[in-house]
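Working notes, structure below.
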Amino acid sequence: MQPSISSERDPSAIWAACLDTARTALPPTSFDTWLSESVFEAIDGQQFLVRFPNEFAARWVKEHWGEMLQASLRESSGRQDLRLVCVGSPAPPVAAFKAQPAPQPAARMSFISPSYTFERFVAGPSNQLAHAGARAAARDPGSPSHNPLFIYGGVGLGKTHLICAIANEIRRTSPDRRFLYLSAEAFLKLLVTAIMNQTTTELRRQYLEVDLLLLDDVQFLAGKEGTQDEIFHRFNELYQNGRQIVLTSDRPPSEIAPLQERLVSRFQSGLVADIQPPDYETRLAILQLKTRDRGVHFPQDVIDFIATSVKKNIRQLESVVNRLFAESTTRGVPVDMQMAKNAITTVIGAQLQLVTPPTIVAAVAEAFSVSPAQIRSATRRREVLVPRQVAMYLIRELTDLSLKDIGNFFTGRDHSTVLNSIERVNSLQQADPVFKRTIQELMNRLTG
Ligand code: ADP
Ligand code: MG
C-alpha cells in the first residue's frame, strides 16, 4: 500500500466528497442504510479501497451505485485510473438487536450511527415537540402519552438522528432493554427474505422480543399491502404488551397514500410530532456544534453567511461544513468567505443537478424493487420491462436528452424503442390510476 494519490486532496476528503454527491443523488433511506457508515480504507496502486460495516453492504453498494461512485471518485480525485473497491468489515456492525449472541438479520441491515445522540442534537422551536417526544420515549418507553411516537418532516431535518438518538440513549442508560432499529425498507426486505426461506415465524418472534421498535421512513410502506399487513400485526402485538413504537416519515400518516386506514389510525393514536426547517438561531447553533465536532474554527461572518444561505436542509448545512473543513485542511489555509460561497454553490447546485439519467434509473429501480443495472441492461426479463419503460419515460420528461441519446443510455436500444416505451407508459397511466400515481410520486420525488 502506498499513498500514491497524485491530487493534493487527502483520500478521506475525496471519499467525503463522493459521499456528498451520493447523498444528494440517492433517496435518504438508501444513503443512510448503505453508505453512511462507509470509510476510506487505503489506496493500493490504482485501487481506492473503501470499507463497509459488512460484506453484504459492500456488495450491495458496488452493484447498485458502483458506477456512479466510481465516476465521482475519479472526478473528485482528478485521477482517471482510480478504481473503487468496496470491502466489508470482518467484525459485525453495531448490532441493532441488543444483547443477542449472534447478529440477527436486522442487525446486518441497519446501522445506528454512534454520533446520532441527544447531546449532538440541537433542539429549537422547529423540532421541540419531536425532540421532547423522543427524549420521553427513551426515558419512559411504552407510556401511553407518547406511544406510538410518530415523527414527520422534510428531508435532512433530523428524523433519523432523533430515532437513532433513542437507540443510543437506551444502549447507554438501560442496557437490559432490547430495541430494534430499522427502516421500513429494511423491514420489507427482511420479510421477503423470510418468506423465501420460510422463516417468517422466527422473524416474527424476534420482533415480539423487543421493548422498543424504531421504524424509520415509513412513507416507504405506501402501496405495499403485504408489508402493511405485517406491520399492522407486529404493531398490535407490541402495543398490547406495552412496548414502545417510534415511527418516522417524510409526511403525516394521513398523507401516506395508499396506506391502510387501520394503520393510519394506529400511527396517529399516540403522539404525532412534526419537524419544521430550523430558524436562523437554530441553524447558527447547529453550525457551531458541527464545527466544534470537527475541531475547526470558522470566522463569524462565514458562519452567519452559511446560516443565512442554507435554510431548508440540515444535511446540506453539514455538507458545507465538511467541504470547507476538507478544503482548508488539504490546502492548509483558513476558511474564508470566498471558499464558503463556492462550497454553498456546490452543495445547493448539486441538488439542482439531481435529475440525471442515473438518478432517475436509481429512483425507478427502488420503486420497482429491481436493480439499476438490470434496468439498463439488455435483459428481456419481464419484471424489468415496465421499470425500463418508466425510466425512459421519466428521462424524456425530466431531462433534455433526445430519444436517440436515451436509447444509447440503455444497452442496445434505439430511438423507436424509446418512443414505444413512452407511448406504452402513457397508455398504462390512462388505464391504471395506481400506476399513474406511482409515476406522479416518482416525478415529485425527483423534482421535489
Ligand atoms: P432526515 O432523517 O430527517 O432526513 P437526518 O436525521 O439524516 O435527516 O439528518 C441529516 C443530518 O443533519 C444528520 O447528519 C444530522 O446529524 C443532522 N441534523 C439534523 N437535525 C439536527 C439537529 N437539530 N441538530 C444537529 N444535527 C442535526
Ligand atoms: Mg432519515
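Here are the numbers:
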{"item": "Positive-end residue of 184, 227, 121, charge dipole of region 109-275 with Cβ unit charges", "result": "121"}
{"item": "Antiparallel %, DSSP beta bridges [both residues in the chain], to 5", "result": "15"}
{"item": "Choice from 288, 244, 316 showing the highest fluctuation, given a GNM over the chain with Cα pairs closer than 10 Å", "result": "288"}
{"item": "Size of electric dipole in region 239-386: Cβ of Lys, Arg +1 and of Asp, Glu -1, about Cα centre, debye, nearest 20", "result": "580"}
{"item": "Vicinal HN-Hα couplings computed from phi for region 300-310 (Karplus, 6.51 cos²θ - 1.76 cosθ + 1.60; Hz; Gly/Pro x)", "result": "4, 5, 5, 4, 4, 5, 5, 4, 7, 8, 10"}
{"item": "Cα gyration tensor shape for region 280-352, rounded if a/c is under 1.5, else prolate or oblate", "result": "oblate"}
{"item": "Inter-label distance, nm, simple model (7 Å from Cα along the C-beta direction), residue 155/residue 204", "result": "3.7"}
{"item": "Computed magnitude of the charge dipole of the chain (debye, nearest 20; Cβ of K, R +1, Cβ of D, E -1)", "result": "440"}
{"item": "Distance-filtered residues of region 283-303 - backbone nitrogen under 12 Å, label point 7 angstrom along residue 337 Cα→Cβ", "result": "300-303"}
{"item": "For region 11-88: rounded, prolate or oblate by the Cα gyration tensor [a/c cutoff 1.5]", "result": "oblate"}
{"item": "Gyration tensor (alpha-carbon) shape descriptor, the chain, a/c threshold 1.5", "result": "rounded"}
{"item": "Of 314, 253, 199, farthest towards positive along the dipole that unit charges on Lys, Arg, Asp, Glu beta carbons give the chain", "result": "199"}
{"item": "Given charges at beta-carbon only (K, R positive; D, E negative), |dipole| of region 109-275 in Debye", "result": "320"}
{"item": "Cα-projected label distance for residue 193 with residue 241, points at 7 Å along beta-carbon direction, nm", "result": "2.2"}
{"item": "Eligible lysines near residue 311 by straight Cα distance, threshold 30 Å, same-chain separation 8 or greater", "result": "159, 290, 341"}
{"item": "DSSP-loop trypsin sites (Lys or Arg not before Pro) across region 361-448, with at most 12 other Cβ within 10 angstrom", "result": "380, 381"}
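Every read-out reported here was derived from the displayed coordinates using simple, explicitly stated rules and does not represent laboratory data. Predicted, not measured: the structure shown is a model, and the values here were computed from it. Backbone-built Cβ (ideal geometry, glycine too); neighbour counts: all protein chains shown.
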